[in-house]
1. Please go through the stretch 233-254 and give me each residue that is assigned to a loop (DSSP other than H, G, I, E, B), under 20 Å from ASP159 (Cβ atoms), touching a residue at least 12 places away in the same chain (Cβ under 8 Å) and among the small types (Gly, Ala, Ser), ordered by number.
2. Tell me the residue from ARG120, ARG138, ARG113 that is assigned to a loop (DSSP other than H, G, I, E, B) and free of Cβ contacts under 8 Å to residues at least 60 places away in the same chain, please.
3. Considering each of ALA232, ALA228 in turn, give the residue that is within 19 Å of the chain's Cα centre (by Cα), of a type in the set (Gly, Ala, Ser) and over 28 Å from ALA321 (Cα atoms).
4. Is the stretch 151-165 home to any residue that is under 27 Å from ILE85 (Cβ atoms) and not basic (Lys, Arg)?
Amino acid sequence: MKSNTLRVGLIGVGGVASYVHHPGFSRIPGVEIAAICDTDTDLLAKRKTAWGVKAAFTDPDALLREARPDAVVIAAPNHLHRALILKAFAAGCHVLCEKPLGMNLDETVKVYRAAKASGRRHMMAFTYRFVPGMSYLRHLVGQGALGQVRHARFQRLQDWGDDEIGWRQYRARAGMGELGDMGIHRIDYAEDLLGPIRAVCASLKQCVPRDRTREGRPCPPQDVEDWAAWIAEFESGATGVFEMGKLTKGRGPGGDHDVAELNGSAASAAYQLHTPHQILFAQRLRPYEARPVPPEFLKRPGSPRDPVEGDPQQAFRFDQAWEFVSAIREGRDCEPSFWHGMRAQAVAEAILRAARERRWVGVPSTPR
């Protein structure tokens, strides 16, 4: 950093930048959003005015060259991530990136190696790690409050309708469908809770063509899965059952189903995204009871965020920026880092192979 102020550039200013990244960084003292970049000129102009950012670019090379930020956040379509990350490291920037790092495991491994060689901080935007209920669940597992976790289930069920959903429905731009969109987050936090996944079996399905826009105009049909399910065997001996879908009627806006439930030898516990400040907990022969998340888990240590501020399903995401900035200032690894992005990609590709070959597939090792 050239001064005590950390200057951040946002590359991609769409929905996730507006919902997560801009409000997250703008709350942190000593952080300046110095520049923004997007190819959508109308959206770029709108964000520039609304956010009061002085420098706006349509070319990320120009942002890196002229604004010279200390760090960048990459929230562009998936197929652009790898090249943008490598350019940012070459410019001396720390990098926070939305998943994935690359379009396949080979690309992802190369990006991770480049991150290590750069000496810069690198972080994956695995946002759900920052849910207060998830942080408390991780604590309970670590303390042995559940005993030995025997089996678990992870679900993310939504209703996005049958119409087109933009670049996310095309393999060439997204890499994967529902598995890569929502599933990879659950891969990450499942391993964070229960340790490495050893092997998987899976089924993926494309249910609708998505060949019409919301206005009814024809568009190229999707070529990715919109439903995914898999069983995972963890090295710990636990078994996990995962299901992700975007066509679950009744799970539309405000009614999404997002649950992680762990069943152990001593007790069970469950996180639910729609109640991020509580978990469910039960011991043997007892029904689930709601348990408030203790104050020390409602936000990350030192975060300037007020835990009761705003929509609790949004506000926890701001701690992601705090972790990134804190790691830069403290000269330590981010949590989660690009290694975790590479690891999740390895599991996801094992799932793809298991579904394609209709058999159990082992997950390859991912050395740090």
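1. GLY250, GLY252
2. ARG120
3. It is ALA228.
4. yes
Read-outs: derived from the displayed coordinates by stated rules, not from any lab. Computed from a predicted model, the values in this text were never measured in an experiment. Cβ: placed from backbone, ideal geometry, glycine included. Neighbour counts: every protein chain shown.
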